[in-house]
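Here is the structure we will look at.
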């Protein structure tokens, strides 16, 4: 058994990747699935889509790699975080669609609980925001008749996507999660390493419905034999951004990565110390191994690659994401168009749930090329917001290392060069861009005894290209000031102070 099966369950698609004994990808299978938008600001998934695409891609990738189940030593899982599911323990049927991390329907619940915000942050490291799982669970229990009583009787299970997939993979024998996913629910005390009864009581969420929390590398159960031909152990689990931190080998305090998928997420390793942010960043668990948590500061951007999807699916301006780069390169640089992609609110460091997107600087000559450039550059501007906040919170180390990038959007040379220019720091893109899946694979592989320890893994990290900053400091300052004015105008329009 010399291979690892990594499941990467994301917001718009599910991927399964086989990694060999040398930790390089052997084969990949991917399936997209639809998102559902019942109302403005609401985002849902059909839980059956999450499972069916997972099962299908796992079977497909094993066949594509020319392997059998006997060749797979273990399964690692990484997943979209905060997305919330509640299901019947007996039947395995969800009682509501999955409420996605982008969903903003619980903004009023958060406003009603504003007096408890400091308690929530002190215990969980998170801000009181609709982004996280806790208020989504409360909303489901509030709106599905009889569900709270059923939860108290132990009939219902809550889980993030990892828990749901493990439940399905094990045939309902394991109701578990790992510390990284637990730390994103707004129900987990990251200092004590356990669910917070204080917050659960505040939100009227029965503790009986919460999963068991394990290390990121642990025995999470066994995938049933009828799925793949033999039982396969599940030995690694981490939320997607934490898995990418592992995949980028950011094991030392001060190391920094940013992943560009549907959203953008920057994590700064702060070691065994949870750093309380004064800049509205999140304090979270980067990974937990052998019972010891490693912490991180995180900045979350809701819309990154999704802004390119909007150009494609919403405006029908492009057919493929790759078309944005030649469009941006052909744009009129004398048209300073700024796009603030607050389609589902603004994330860190602004945290405004009511904001919506805006475009500034339009002229009669503005066309697809200028909009493509503005879309790609919006990701760089938002990343600069996050890094400036991190430097304010962790002054001595946060600015010392280069930024390691990954995710689909990092393949755009234009976007990555602009990122280096606007943050005035080197941007390192690795050979393996699928670092999220690689991180999950490494967790499972090292637990199975197939992959090396942290030092050995870090030594194998390979650089594809470094993007060095080349923008004049005056231009950099002028452009970033334009962005800041656009954000403030958008916040003002939304009614924010």
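Any read-out appearing in this document is the output of simple, stated calculations on the displayed coordinates, not a laboratory observation. Remember, predicted model here, so these are calculated numbers, not experimental data. Reconstructed Cβ throughout: ideal geometry from the backbone, glycine too, with neighbour counts over all protein chains shown.
The figures follow:
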read-out	value
Convex hull projection area averaged over all views, segment 284-382, Cα basis, nm²	8.3
Computed [θ] at 222 nm, helices only, for the chain once each DSSP H run of length n ≥ 4 contributes -39500 (n - 2.57)	-10000 deg cm²/dmol
Value of relative contact order over segment 194-324, rounded to a whole percent, pairs C-alpha under 8 Å and six or more apart	17
FRET efficiency estimate (nearest 0.05) - Cβ-Cβ, residue 201 to residue 153, R0 25 angstrom	0.90
Extent along principal axes [Cα atoms of segment 230-334; Å; largest to smallest]	52, 49, 21
Counting all C-alpha pairs of the chain, share separated by more than 32 Å (%)	37
DSSP-defined antiparallel bridges as percent of all bridges, the chain, nearest 5	70
Antiparallel DSSP beta bridges within segment 3-240, percent to nearest 5	65
Pairwise label distance in nanometres, residue 64 with residue 313, each label 7 Å out on the Cα-Cβ vector	2.0
Stokes-Einstein diffusion coefficient of segment 3-240, Kirkwood radius over Cα pairs, 10 °C, 1.306 mPa s, in µm²/s	88
Fewest-first sequence of 209, 471, 23, 186 by Cβ atoms within 10 Å of each Cβ	471, 23, 209, 186
Gain upon complete extension [residue 354, residue 39; 0.36 nm per residue less C-alpha separation]	112.0 nm
Computed over the chain: relative contact order in percent, which uses C-alpha pairs under 8 Å that are six or more apart	15
Förster radius 35 Å - calculated FRET efficiency between residue 224 and residue 320 (Cβ-Cβ, nearest 0.05)	0.35
Binned Cα-Cα distance frequencies in segment 334-468 - 5 Å width, integer %	2, 9, 14, 16, 17, 16, 12, 7, 4, 2, 1, 0, 0
Antiparallel DSSP beta bridges within segment 131-255, percent to nearest 5	60
Segment 3-240, relative contact order in percent, only Cα pairs under 8 angstrom and at least six apart counted	20
Exposure proxy order (Cβ contacts within 10 Å, fewest to most) of 144, 337, 308	144, 337, 308
FRET E, pair residue 453, residue 276, Förster distance 41 Å, beta-carbon r, rounded to 0.05	0.85
Mean Cβ neighbour count within 10 Å, used as a protection proxy, ranking 36-46, 170-180 highest first	170-180, 36-46
Fewest-first sequence of 89, 465, 447 by Cβ atoms within 10 Å of each Cβ	465, 89, 447
